[in-house]
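Take a look at the structure below.
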């Protein structure tokens, strides 16, 4: 059983997924399932508020890559904010910053979304 | 005199890598490592443990030695798995994964090497030892 939790809200057309806990395979799959579900109902812009996620693993982040891939198919967009320094560094090393956007705060993210 | 060493024995169970990271966090504080250094050790340790779990047979354990040296922290992660040939592990690139059939996983070694100051692998068909060093 995963301790990973999510809270989903929306600001205008942007779906905001707030995460809490370890982003491992189960956490990544939870985020993926939410995005796929929302995409099916027409959402195209997604932001992850990672304030409550201080650790990740590459399997969980690989599932986020799958979300990016799905969003590319529908010209959608994914971004992240409130990232712990090591989470941000991990996303950079894995190259996610080339295909999605990293922001310091929700305000800055929403300005560009 | 031998360097102070903390030893852990982890069963192959979900999320056991977090037991290792909590230990590493306490040791990093003891050594006055920075938050960034501590985070890098955490991430590298998670990836090394996951690899060790995946290469191990069910019922085995993995062993972690944290060796506290004057100017560095040396971490050895030892598994009794099937071993692997590092030269056959391709360096992943996201360009080759997005929109392609290539599996999205396979980032562990790249992350470990990017986050630690040095990494050495010794692998045979009876197990692998990964030795990682973070300098103070």
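The values are calculated or read from the model by the stated rules, or taken from the named source; none is laboratory data. Since we're looking at a predicted model, the values are computed, not measured. Virtual Cβ from ideal backbone geometry, glycine too; neighbours counted across all protein chains shown.
Is it the case that the range B:76-85 has a residue that's touching a helix residue (DSSP H, G or I) at 6+ places or on another chain (Cβ under 9 Å), without any contact (Cβ under 8 Å) to a residue 24 or more places away in the chain and surrounded by 16 or more Cβ atoms within 10 Å (Cβ to Cβ)?
no
Can you pull out every residue in the range A:49-81 that is assigned to a strand (DSSP E or B) and under 24 Å from residue B:45 (Cβ atoms)?
A:50, A:51, A:52, A:56, A:80
Could you grab me the full set of residues in the range A:1-24 that are surrounded by fewer than 16 Cβ atoms within 10 Å (Cβ to Cβ), over 20 Å from residue A:105 (Cβ atoms) and in contact (Cβ under 8 Å) with a residue 12 or more places away in the chain?
A:2, A:3, A:5
When you scan the range A:105-112, do you find a residue that is buried (at least 18 other Cβ atoms within 10 Å of the Cβ), away from chain B (no Cβ under 14 Å) and not in a helix (DSSP H, G or I), even just one?
No, the range A:105-112 has no match at all.
When you go through (1) in contact with a strand residue (DSSP E or B) (Cβ under 7 Å, 6 or more places away or on another chain); (2) without any contact (Cβ under 8 Å) to a residue 12 or more places away in the chain; (3) surrounded by 18 or more Cβ atoms within 10 Å (Cβ to Cβ) one by one for residue A:47, which number turns out not to apply?
(2)
Checking residue B:54 against (1) assigned to a helix (DSSP H, G or I); (2) farther than 18 Å from residue A:87 by Cα; (3) in contact with a strand residue (DSSP E or B) (Cβ under 8 Å, 6 or more places away or on another chain): exactly one of these is not met. Which one?
If we test residue B:54 against (1) assigned to a helix (DSSP H, G or I); (2) farther than 18 Å from residue A:87 by Cα; (3) in contact with a strand residue (DSSP E or B) (Cβ under 8 Å, 6 or more places away or on another chain), just (3) comes out false.
Determine if the range B:62-77 includes at least one residue that is more than 14 Å from chain A (Cβ to nearest Cβ), modelled with pLDDT under 90 and in contact with a strand residue (DSSP E or B) (Cβ under 9 Å, 6 or more places away or on another chain).
no
Count, please, the residues in the range A:54-98 that happen to be within 18 Å of residue A:14 (Cβ to Cβ), under 13 Å from the mean Cα position of the chain (by Cα) and facing chain B (nearest Cβ under 7 Å).
Residues in the range A:54-98 being within 18 Å of residue A:14 (Cβ to Cβ), under 13 Å from the mean Cα position of the chain (by Cα) and facing chain B (nearest Cβ under 7 Å): 1 in total.
Could you say which residue among B:48, B:21 is assigned to a helix (DSSP H, G or I), more than 10 Å from chain A (Cβ to nearest Cβ) and buried (at least 17 other Cβ atoms within 10 Å of the Cβ)?
Details: B:21 fails: more than 10 Å from chain A (Cβ to nearest Cβ).
Only one candidate qualifies: B:48.
So if I check each of B:100, B:57, which one is loosely packed, with under 14 Cβ neighbours inside 10 Å, more than 10 Å from every other protein chain (Cβ to nearest Cβ) and either at negative phi or at pLDDT 85 or above (or both)?
B:57
If residue B:91 satisfies all but one of (1) farther than 23 Å from residue B:10 by Cα; (2) more than 14 Å from chain A (Cβ to nearest Cβ); (3) touching a helix residue (DSSP H, G or I) at 6+ places or on another chain (Cβ under 7 Å), what's the number of the condition it fails?
Checking residue B:91 against (1) farther than 23 Å from residue B:10 by Cα; (2) more than 14 Å from chain A (Cβ to nearest Cβ); (3) touching a helix residue (DSSP H, G or I) at 6+ places or on another chain (Cβ under 7 Å), the one that fails is (2).
Could we say that residue B:13 is surrounded by 15 or more Cβ atoms within 10 Å (Cβ to Cβ) and away from chain A (no Cβ under 12 Å) here?
Considered against the rule, which asks whether it is surrounded by 15 or more Cβ atoms within 10 Å (Cβ to Cβ) and away from chain A (no Cβ under 12 Å), residue B:13 comes out as no.
Quick one: would you say residue A:34 is within 27 Å of residue B:15 (Cβ to Cβ), part of a helix (DSSP H, G or I) and within 13 Å of another protein chain (Cβ to nearest Cβ)?
no
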